[in-house]
Amino acid sequence: MTCDASRHGGGALLLCLDELVAGYDRPLSPPCSLELARGEIVGLHGPNGAGKSTLLAAILGSARRHAGALWLAAGLRLRHLAQNPQRPQAPVSGRELLAWLDARALTPPPRLAACLGRRIDRLSGGEYQLLCLWICIAGDADLVLLDEPTNHLDQTHVDVAVEEITTARERRGVLIVSHDRVFLRRLDARVVEMVPR
Amino acid sequence: MPDHLFLIPFLAGLPLAVLLPLLGNLLRLRDEWLAALGLAHLAGAAGLAGLSLHLPAVLGAPLGAVLAATIKFLSGARGNSAFAWMILAGWAATLLLAANSGLGEALAHAVVEGQLYFASARELGIALAVCVCGLLLVPRLTPRLVRARLFPLYERANRLPAWRWHLGFDLLAALAIAVATATLGLMAAFALVFLPSWIAFRRAPDWRRAAWLAAGIGLAAYGLAFAIALRLDQPFAPVLVALLVVLAALPRVRHGERFEPGNRG
């Protein structure tokens, strides 16, 4: 596959990988090709150790490209949800975080809105995960990269996460790393399989 | 209100008692609360080196601290380890300078312990200028530093010139701590960075109130320490440090909590 932005027209193509192999000192991910346009959700699915997170890291610029091509639209604004988001013991409320990270363009789901007044270090793991997910979704990003967004979430929280991600769909492209096929199916995501090297 | 003889010294320390706790909150957020002690040690050594060249401590100290902060930034060092190096280097330099210059150990102790009662209009002016800069910069830097702490890949992924605010904060902290070291003393500067933020991080429900709480504690402890030190004819810095330690420990003792200063940083 060759990355060709013109095929999508109107600057809709946000990301293109052509046989991309990512890693650090040595290659870790298998060759991966995909295109992601605005309005699309793509799921990277595969077992632990398949190199899914490393591929995301290469897109973010923190891992090396060992082979293949990586194309990102010019001036792209990115948001990234890490597999285990940082959570310092600090007196920062959810509301302050949304304001400082310019994530107030959309109204948060009621379940999340209810805990925005609390300190981030006093939220449950699931509540904090939902907050970080919402920060990625409700900002001005063109491309949202989510690494295992269902981590720490019980079934009720997963429902909220599906709602949050679906809300974002029309405005931006979403690339999700997940080993949860059911979750990807509920999002109607186009799935790219990754098999360990 | 202090006697007019002590009015300028009192006013010279006042802006620092507000600014240092605010910087302490941000340093604690970055897990760099040891910065105050590291930068203060180097500022003390640089102040002493400046004195040996007939330069006032309040000018020599910032030069050393700013140089150290720049080296730290350029070398990419982060976290408390970088400041532990500064403590050791600063301590050795201070004592060696004192032993090998005409200044003598008494003057070295004066730099380390601060000379607040001898502060003049020059110290007051510098403290005010640093405080105004700090109060203008802190609200602008806070969202960026919080974002860098919680979403460390954000800046790199979006190709933002993050070095500007990281270096800007490092220099601001270095400058404020150095001026405070030369004016209030090494341990008093460290205590004003470390303890109000230690309390605020436990008590405040959000960042805005943590800022008010930390600055309020700094201000109240400073005013009280100044009054007690004058009335009881005590050195200022140890009184301030003792007061802050009591303020930090008291609520935990009153609530029957186990007091573990090392716990949670």
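A few remarks follow.
- Unit charges at the beta carbon, dipole of chain B: most positive-side option, B:190, B:173, B:60: B:173
- Using a 1.4 Å probe over protein heavy atoms, the accessible area lost on pairing B with A, summed over both chains, comes to approximately 2200 Å².
- A DSSP coil position with no more than 15 other Cβ atoms inside 10 Å describes the following GluC sites (Glu not before Pro) in the range A:125-196: A:170.
- Rel. contact order, % - alpha carbon contacts under 8 angstrom, at least six apart, the range A:80-167: 39 percent
- In this view, the solvent-accessible surface of residue B:81, computed with a 1.4 Å probe and all protein chains in place, comes to about 80 Å².
- Space enclosed by the convex hull of the alpha-carbon atoms of the range B:4-185, per residue, Å³: 101 Å³
- Backbone amide hydrogens, once placed in the peptide plane, bring residue A:68 within less than 5 Å of A:21, excluding anything fewer than 5 places away on its chain.
- If R0 is 30 Å, the Cβ-Cβ spacing of residue B:135 and residue B:89 corresponds to a FRET efficiency of close to 0.45.
- Estimated vicinal HN-Hα couplings, Hz - the range A:75-80 in sequence order (Karplus 6.51, -1.76, 1.60; Gly, Pro = x): x, 5, 9, 10, 10, 9
- Accessible area in square angstrom per residue, the protein assembly as shown, 1.4 angstrom probe: 44 Å²
- Per-residue [θ]222 nm for chain A (sum of -39500 (n - 2.57) over DSSP H runs n ≥ 4, rounded to 500): -7500 deg cm²/dmol
- Burial annotation for the range A:88-126: residues with an accessible-area loss of at least 50 Å² between the isolated chain and the complete set of protein chains, computed on heavy atoms with a 1.4 Å probe, are A:88, A:89, A:91, A:100, A:101, A:119.
- Relative contact order of the range B:4-185, defined on C-alpha pairs under 8 angstrom at six or more residues apart (%): 38 percent
- Against chain A, whose longest principal axis is taken from its Cα atoms, helix A:125-137 shows a tilt of about 60°.
- Helix-derived mean residue ellipticity, 222 nm - over chain B, DSSP H n ≥ 4, -39500 (n - 2.57), to 500: -27000 deg cm²/dmol
- Scanning chain B for long hydrophobic helices, with DSSP H runs required to stretch 24 angstrom or more by C-alpha along their axis and to average at least 1.6 on the Kyte-Doolittle scale, returns B:7-29, B:57-75, B:236-254.
- Percent carbon-and-sulfur accessible area, the protein assembly as shown, ignoring ligands, DNA and RNA, probe 1.4 Å: 60 percent
- The residues packed around residue A:143, meaning those with a beta-carbon under 13 Å from its beta-carbon, carry a net charge of +2 if Lys and Arg are +1 and Asp and Glu are -1.
- Value of Rg/Rh across the protein assembly as shown [Cα atoms, Kirkwood radius]: 1.07
- Assuming charge only on the beta carbon of Lys and Arg (+1) and of Asp and Glu (-1), the dipole of the protein assembly as shown about its Cα centre is about 440 debye to the nearest 20.
The values are calculated or read from the model by the stated rules, or taken from the named source; none is laboratory data. Keep in mind the model is a prediction, meaning the values are calculated, not measured. Neighbour counts are summed over all protein chains in view; Cβ atoms, including those assigned to glycine, are modelled from backbone coordinates with ideal geometry. For the accessible areas, the whole protein counts, side chains as well, though only heavy atoms, and no ligand, DNA or RNA atoms are used. Shrake-Rupley method; radii C 1.70, N 1.55, O 1.52, S 1.80 Å.
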